[in-house]
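Visitor: Sharing a structure here in structure tokens format.
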Amino acid sequence: MPPWEQRLVTVTAKWQGFSVVNDRGVMVLLFRSKGQPSQRVSMTGFDPEIRFREEDEKRAITYIRQTYKLWAEADGDRTLKDCLKEVKSTSDVQPQAEEVVTWATIAAAMKEAKLEFGKKIQPQTWKTNWAPILDEAVRILGRKNAPSDGYELLKAVLKNWADAPTVQVECGRYLARWMEFAVRRYKVPRTWLITQADRDELIPKKPKKRKKAVLEDDEILDFIELIQQENPAWANLFRLLAQYGLRPIEVEHLSVVPDPTSKTGEKIFYCSYEKVDGQKDTELRYLRPMHFRRSEDDKPVQWPLVEAWEAGALKLPDLQAFNGHACNRYLHRKRNGKPAGPVQQRWKELIDKYAALPTKDWVRLYSLRDGFGVRSYREGLDKTVIAAAMGHSLAIHQRSYRQLTERIQARAFESNAETMPWPRHPPWCLGNESR
């Protein structure tokens, strides 16, 4: 049977003794039940006429339901023919077609709930995190051999990210929440729910979280100087990210305002960005720069970015949106499979350098943001102050951001202590017979 015919003949499945049949193109409603007289009524006499065909399916289902409702309420005191006759008398008022709910419909409703009603996430978060997973799920559910429950759906979707265990974890989380939404809002059968047990069985153990590398001050300053030689606008963007510990998206929300703590009318940056997809909303905040130190003289240095902004001299890249994806495309740009230029080559060298350490540190764009926090710790700032300056809660800061580097830790243990002379024959070097 084609899908429309399946829907038509199964509409009466829950009504004992009822069925819909095709009698030479005429749609017929039948009632046959042991111990009761059979009844048969043709779905004719409507305007426009109803035939046993796809284009009449929705109207037919509506009228069949109305007929059955009258018949059931009469409790045997009316015939099907009489009930259908009453339905026909009101059929000139066209019934409102029922909404056809598909998995794509439910995915679109989920997006609307997240972005429009709850305003729980940013559009970019949906596009980057949610959309790829739900699009893949909708595609799989539209196949001929589509999954029949949530467990099978998760199993099928995970295959698309077989080599990305971190994304697989996200698949389990997002699909579980989508199915909870589908069950709650659209009465989808509960067999589609994806349980924690399903996720534990199908998703590999989450890989150990890689430690973000924190670049040395000299490395950041030299790298940005290299970018300056190639593209001053991009150099300015990375100056802002490094000196203020900004998320790339926050650059779009900067303005220069008087410092509320200054008695001399000094100007500072103000960030009006509100991050709403984390565990706690980001507070609007004034920005304070954290300087760098050159290793040769250990003197604090910083760029006059506020002054350049006010003077109109702080040119930035011409981007549709300032975000991590745009920055990463620039840093990882390739030509013939190799880094496209000196900037991209230097970034790759930094990645390889830190990946080769025993701790296998991970150089990424957010290393600049982590660096702001680490420099702040180095200069003695309280962790609560640092978290507020970076625009997140103390709990998130302690859980997700670096606070120390090996160099800072080693510096804390430096001393002028003299080395004691080592015993000529340490006791542990002697044989057992001398102990």
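The values are calculated or read from the model by the stated rules, or taken from the named source; none is laboratory data. Predicted model, so just to flag it, every value in this text is computed and none were measured. A quick note on method: Cβ atoms are made from the backbone with ideal geometry, for glycine too, and the neighbour counts reach across all protein chains shown. These accessible areas exclude ligands, DNA and RNA; they are computed on the full protein's heavy atoms, side chains included. Shrake-Rupley method; radii C 1.70, N 1.55, O 1.52, S 1.80 Å.
Visitor: Out of all the residues in region 322-369, which are surrounded by 17 or more Cβ atoms within 10 Å (Cβ to Cβ), closer than 20 Å to ASP217 by Cα and polar (S, T, N, Q)?
Guide: GLN344, SER367
Visitor: For region 246-261, state whether one or more residues are closer than 20 Å to ALA313 by Cβ, surrounded by fewer than 16 Cβ atoms within 10 Å (Cβ to Cβ), touching a residue at least 60 places away in the same chain (Cβ under 8 Å) and more than 25 Å from the chain's Cα centre (by Cα).
Guide: No; the residues of region 246-261 include none that is closer than 20 Å to ALA313 by Cβ, surrounded by fewer than 16 Cβ atoms within 10 Å (Cβ to Cβ), touching a residue at least 60 places away in the same chain (Cβ under 8 Å) and more than 25 Å from the chain's Cα centre (by Cα).
Visitor: Let me ask something else. Just to be sure, is TRP15 surrounded by 14 or more Cβ atoms within 10 Å (Cβ to Cβ), out of contact with any Pro (no Cβ under 6 Å at 6 or more places or on another chain) and in a loop (DSSP other than H, G, I, E, B)?
Guide: yes
Visitor: Go through region 179-226 and give me each residue that's in contact with a Pro (Cβ under 9 Å, 6 or more places away or on another chain) and either at positive phi or touching a residue at least 60 places away in the same chain (Cβ under 8 Å) (or both).
Guide: Across region 179-226, the qualifying residue is only LEU226.
Visitor: With the requirement that a residue be among the basic types (Lys, Arg) and more than 24 Å from GLU283 (Cα to Cα), what does region 226-270 give you?
Guide: LYS263, the sole residue that qualifies.
Visitor: Is there a residue being of a type outside the set (D, E, K, R), out of contact with any Phe, Trp or Tyr (no Cβ under 7 Å at 6 or more places or on another chain) and under 30 Å from LYS144 (Cα atoms) anywhere in region 31-49?
Guide: No: region 31-49 contains no residue that is of a type outside the set (D, E, K, R), out of contact with any Phe, Trp or Tyr (no Cβ under 7 Å at 6 or more places or on another chain) and under 30 Å from LYS144 (Cα atoms).
Visitor: Checking ALA233 against (1) closer than 30 Å to GLY341 by Cα; (2) open to solvent by less than 30 Å² (accessible area, probe 1.4 Å); (3) touching a helix residue (DSSP H, G or I) at 6+ places or on another chain (Cβ under 8 Å), which single condition isn't satisfied?
Guide: Unmet condition: (3).
Visitor: Restricting attention to region 370-394, which residues are open to solvent by 10 Å² or more (accessible area, probe 1.4 Å) and part of a loop (DSSP other than H, G, I, E, B)?
Guide: Within region 370-394, GLU379, GLY380, LEU381, ASP382, HIS392, SER393 qualify.
Visitor: Note down all Cβ pairs under 6 Å where the first residue falls in region 138-165 and is within 19 Å of ARG177 (Cα to Cα), the second is among the hydroxyl-bearing types (Ser, Thr, Tyr), and they're at least six residues apart or on different chains.
Guide: Pairs that qualify, where the first residue is within 19 Å of ARG177 (Cα to Cα) and the partner is among the hydroxyl-bearing types (Ser, Thr, Tyr), are ASP149/THR191.
Visitor: Are there any pairs with C-beta distances below 6 angstrom linking a residue in region 377-391 that is in contact (Cβ under 8 Å) with a residue 12 or more places away in the chain to a residue that is open to solvent by 60 Å² or more (accessible area, probe 1.4 Å) and assigned to a loop (DSSP other than H, G, I, E, B), with the two at least 6 apart or on different chains, and if so which?
Guide: ALA389/ARG288
Visitor: Moving on. Which of the helices (runs of 4 or more DSSP H) contained wholly in region 129-188 include at least 2 residues that are within 16 Å of MET110 (Cα to Cα) and open to solvent by 20 Å² or more (accessible area, probe 1.4 Å)?
Guide: Passing ranges, in order: 131-141, 165-186.
Visitor: Sort out which residues of region 273-290 are at pLDDT 90 or above and open to solvent by 40 Å² or more (accessible area, probe 1.4 Å), and write them in order of number.
Guide: TYR286, ARG288, PRO289
Visitor: Name the single residue that is farthest from LYS348 (Cα to Cα) among those in region 204-221 being part of a loop (DSSP other than H, G, I, E, B) and at pLDDT 90 or above.
Guide: This residue is GLU216.
Visitor: Follow-up. With the requirement that a residue be at pLDDT below 90 and either closer than 30 Å to PRO248 by Cβ or among the small types (Gly, Ala, Ser) (or both), what does region 125-145 give you?
Guide: THR125, TRP126, LYS127, THR128, ASN129, GLY142
Visitor: Right, here's the next one. Being surrounded by 10 or more Cβ atoms within 10 Å (Cβ to Cβ) and without any contact (Cβ under 8 Å) to a residue 40 or more places away in the chain is the filter here, so list the residues in region 18-28 that pass it.
Guide: The answer is SER19, VAL21, ASN22, ASP23, VAL26, MET27, VAL28.
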